[in-house]
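To keep things clear, I will list the structure first and then write my remarks on it.
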Amino acid sequence: MKKTSNFKSYKKEIMEAAHDDRLRLALSRAVKSFRSNVKNALEKFPHTVDMAEEVRQIKEGAITRMEELARQAIAAIEENKGKGYIARTVDEALEIIADLTGTKKLVVKGKTMTGEEIGLREYLEEKGNEVYETDLGEFIIQKMGSRPMHILSPSIHVPREDVARLFSKIMGQEIAPDSDIADLVAAAREYLRDKFFHADVGISGANVVAAETGTLFIIENEGNIRLATGAPPVHIALVGMEKLVPALSDAYKVSEVTWRYANYTIPSYVSLVSGPSKTGDIEKVITYGAHGPREFHVIFLDGGRTRLARYPKLAQALYCLRCGGCLYECPIFAVTAGHFGDKYFAGIGAVWAAIINEDIEKAASIAYTCLTCGRCRQRCPMKIDVPEMIIELRKLLAEGDSADARN
Amino acid sequence: MVGISTDIIYAAAMDSELVPPGLTYLADNIISRQNILGVTKEQSARWAQNLDLPRQAETIFFAGCGYQFSAQLEILMSLARGIDKSVIGAELPMRFARFQKKLGLNLPGIYSSVLSRGSETEVKPLEAAVNVLRNLGIQPGYLAEEEPCCGAPLNHAGLQTKFADNARQAYDKLKSFGVKQVIGIVPYCTHAISSLFPLYVDGYDLEVRHFLEVVAEKIPSYKLRFPRKVKVTYHDPCQLVRYMSLVEEPRRILGAIEGIELVEPDWTRGEWATCCGGGGGFETVFPELSQVLAVNRASELLETGAEIIVTHCPGCIMQLKDGLRELKIDGVEVLDLSQVVATAMET
Ligand code: SF4
């Protein structure tokens, strides 16, 4: 039991959110368009449904051998002249990344849930670095000093007028509150542009990793991750160990199912990164750091994942693709957004809070907030049974975590 | 776990401060009195007084708590919501049971005064269901004050050890009365007896069916007519639709009734129905938030233009009525499916 939170303030936060009409409106619009987009995407590519079943099997197999896959991936990455690490704990991961980064550096970051999980940005800032979130939503959140409210759309709760006000302040130029969204996007693009090219380090996560080749698959639409992982001389990737699958073809399937259930027929970009940038064009001498990064580091974070894998009913939380679909189906999320959650949101967030974060009070708050209505399970491509996990977790909370709950 | 008495585990759980008191309140009542409100058993079987149901039969009707106590639960909830919204607000519903004592509220007293008023409203769906079954040629028995509690809220609170104990006792009791088949009606009870009991009971061999299944199977050969032409929408209770896969049955039943036009929300129907906000005792833990969700669900259903909202769960009925009340909607009724079928059989 590392940290404790308090139910009183949690509940107050939840109720304030539930009475926030603007939040409600933003969410209800998002839910509508998400549902119709997913429907279209699945109608257009109906094979995705069967592929999701295949992916569930891939994940079931992979979760039982995360360690082995991580070692295999590290070997492959090192063969490609990158460097791989297994971080047992959050502190270890932070230390590895902080050592690689150093201090007084300019860092550009793509969105990474795992980074959020370990508080990476804050840690690097504490170490005296200047860190920029480059995903537009994350950038807004960072500058607002707030926290993400959705795993795919972190700033889902912020209306455009607030963005205009915020940008005027940080960019030192007046941006009218009634500006077009396109103008807001252009302003962010201009502001961040030279950060990418002056950055010392680029940081990303990955949606899935193929162990056989050490290849990271990174799905995105904005193009910020391509820049953040391509322009700076050093690329550091932080990946949860549950993201590993054996083969390249497995990783492709995971990716396709992920973006489809994340409401895209096809995303604008999928980057496959397996090593540092290199060229042999001058006298066939392989030289690293051509146009892309000279250094490539991948940190595989355990941080409680192997522990979680030992709970028969809770291990399914590790199959999650982070498509975000369940959040749009959760009736509580629909009125509170990420206030119902911890590092990860809604019902499944309780499992992460309990076993990964070991924040028991928080876990209890979330676990007893879940309605166990089961609509998330209906949506989930991995058929993760959130109500089943919630009831199991309540049992652990109420009756204690005995050894027979684990394998 | 061997060697540790389940009472010790239970006592520790109730003290753990992690289980919300709203749920421990229900749990305590189940353990001490075999019903969620802790009223006496005699009070609870009253709805069936004039029905002359046999006390012993191979096939029994399992009434459960929800419908029987809906009037009392409504009172409990309006109290809880009042407290939840008041200045003292935030932490209280979590501490509801204790707070109730501090305030000197005598809940059992309030409940029995409702009961003695002989309020009609809460018994209707149960009576209607029995009448429907009889009209379909089924003569179920009813254990009345001997009916055990399914204990579902224990499971929801995380008190599995107690739930398992209760399941075994309840099962033995049913068996001791010679029960072979159970027709359940409250979604939580029916799911608990049919799907959760077998996890804890050795040699389980009860045949459990939900009222909807029984009715849907027989209904096509009956002529049914609602007294007037109405637009009706159906709200799927989570337990029925996503735990017991009863999607098509209620629709087949409503479709067989002349005069009823079924109008449903575009998206949030069947497996995609939105929870009314009363899932698994949630309303006792987050009374106010639960009401926000009730209002949301009621609004979704109202968009269909229906004059009657039909559903099939005592919790959903309470929530949806509350939602309509908050929205200040008059003229839209919330009815249980059993009431609708019973009415259509009379005409
Ligand atoms: S639990 Fe399922 S639906 Fe929710 S984010 Fe994960 S994969 Fe998507």
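Here are the numbers for the structure shown:
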| item | result |
| --- | --- |
| Rounded to whole Hz, the Karplus (6.51, -1.76, 1.60) HN-Hα couplings of the stretch A:226-243, x for glycine and proline | 4, 5, 5, 9, x, 7, x, x, 10, 10, 10, 10, 10, 9, x, 4, 6, 7 |
| Average other protein chain Cβ within 10 Å of Cβ, residues A:374-382 | 3 |
| Summed buried accessible area for B+A [probe radius 1.4 Å, Å², rounded to 100] | 3500 |
| Selection from A:F300, B:Q43, B:I31 lying farthest towards where the dipole of the protein assembly as shown points positive, charges on Cβ | B:Q43 |
| Restraint check, A:K109/A:K383; A:K44/A:K253; A:K313/B:K173; A:K83/A:K278, Cα-Cα greater than 22 Å | A:K109/A:K383; A:K313/B:K173 |
| Average beta-carbon neighbours from other chains, 10 Å sphere, peptide B:265-277 | 4 |
| Accessible area of A:I266 in the full protein assembly, 1.4 Å probe (Å², nearest 10) | 100 |
| The stretch A:333-389: Cα Rg divided by the 2.2 N^0.38 Å rule of thumb | 1.04 |
| Within-14-Å neighbourhood charge of A:G115 [Cβ basis; K, R +1; D, E -1] | 0 |
| Top positive-direction residue, dipole computed over chain A with Cβ charges, set A:L248, A:T265, A:S146 | A:T265 |
| Span from the the stretch A:134-203 Cα centroid across to the the stretch A:362-390 one, whole angstrom | 32 |
| Neighbouring partner chain Cβ atoms per residue of A:363-372, average, 10 Å criterion | 6 |
| Sequence-distant aspartates and glutamates (8 or more away, or on other chains) whose Cα lies within less than 12 Å of A:K104 | A:E125, A:E126, A:E130, A:D200 |
| For chain A, size of Cβ-based charge dipole, Lys and Arg +1, Asp and Glu -1, in debye | 600 |
| Within-15-Å neighbourhood charge of B:D52 [Cβ basis; K, R +1; D, E -1] | +2 |
| Square roots of 5 times each gyration tensor eigenvalue, C-alpha, the protein assembly as shown, largest first, Å | 51, 27, 25 |
| Accessible area, probe 1.4 Å, largest first, for residues A:K383, B:K175, A:K169 | A:K169, A:K383, B:K175 |
| A:H198, B:H312, ranked by accessible area, largest first (probe 1.4 Å) | A:H198, B:H312 |
| Dipole of chain A, positive direction: furthest Cα of A:G202, A:A315, A:A334, with charges on the beta-carbon | A:A334 |
| Amide H contacts of A:A87 (H built 1.01 Å from N, under 5 Å, at least 5 apart or other chain) | A:F300, A:L301, A:D302 |
| Electrostatic dipole magnitude of the stretch A:164-231 [Cβ: Lys, Arg +1; Asp, Glu -1; Cα centre; debye, to 20] | 160 |
| Kirkwood hydrodynamic radius of the stretch A:65-303, Cα pairs, Å | 18.4 |
| The protein assembly as shown, helix-only ellipticity at 222 nm - DSSP H runs n ≥ 4, -39,500 (n - 2.57), divided by all residues, nearest 500 | -14000 deg cm²/dmol |
| Area accessible to solvent at B:L23, 1.4 Å probe radius, in Å² | 10 |
| Solvent-accessible surface ranking, highest first, for B:D172, A:D250 at 1.4 angstrom | B:D172, A:D250 |
| Chain A - Rg over Rh from alpha carbon coordinates, Kirkwood radius | 0.95 |
| Within the stretch B:248-339, trypsin sites (Lys or Arg not before Pro) in DSSP loop having at most 10 other beta-carbon neighbours inside 10 Å | B:K328 |
| Carbon plus sulfur fraction of accessible area for chain A, probe 1.4 Å, in percent | 50 |
| Assigned charges on the beta-carbon of Lys, Arg, Asp, Glu; the stretch B:223-346 dipole about Cα centre (debye) | 300 |
| As computed over the stretch B:223-346, the Cα convex hull volume per residue (Å³) | 92 |
| With DNA, RNA and ligands ignored, accessible area of B:E213 (1.4 Å probe; Å², nearest 10) | 60 |
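The values are calculated or read from the model by the stated rules, or taken from the named source; none is laboratory data. Not measured: the values here are computed from a predicted model. In this analysis, Cβ positions are derived from the backbone assuming ideal geometry, glycine residues included, and neighbour counts consider all displayed protein chains. These accessible areas exclude ligands, DNA and RNA; they are computed on the full protein's heavy atoms, side chains included. Shrake-Rupley method; radii C 1.70, N 1.55, O 1.52, S 1.80 Å.
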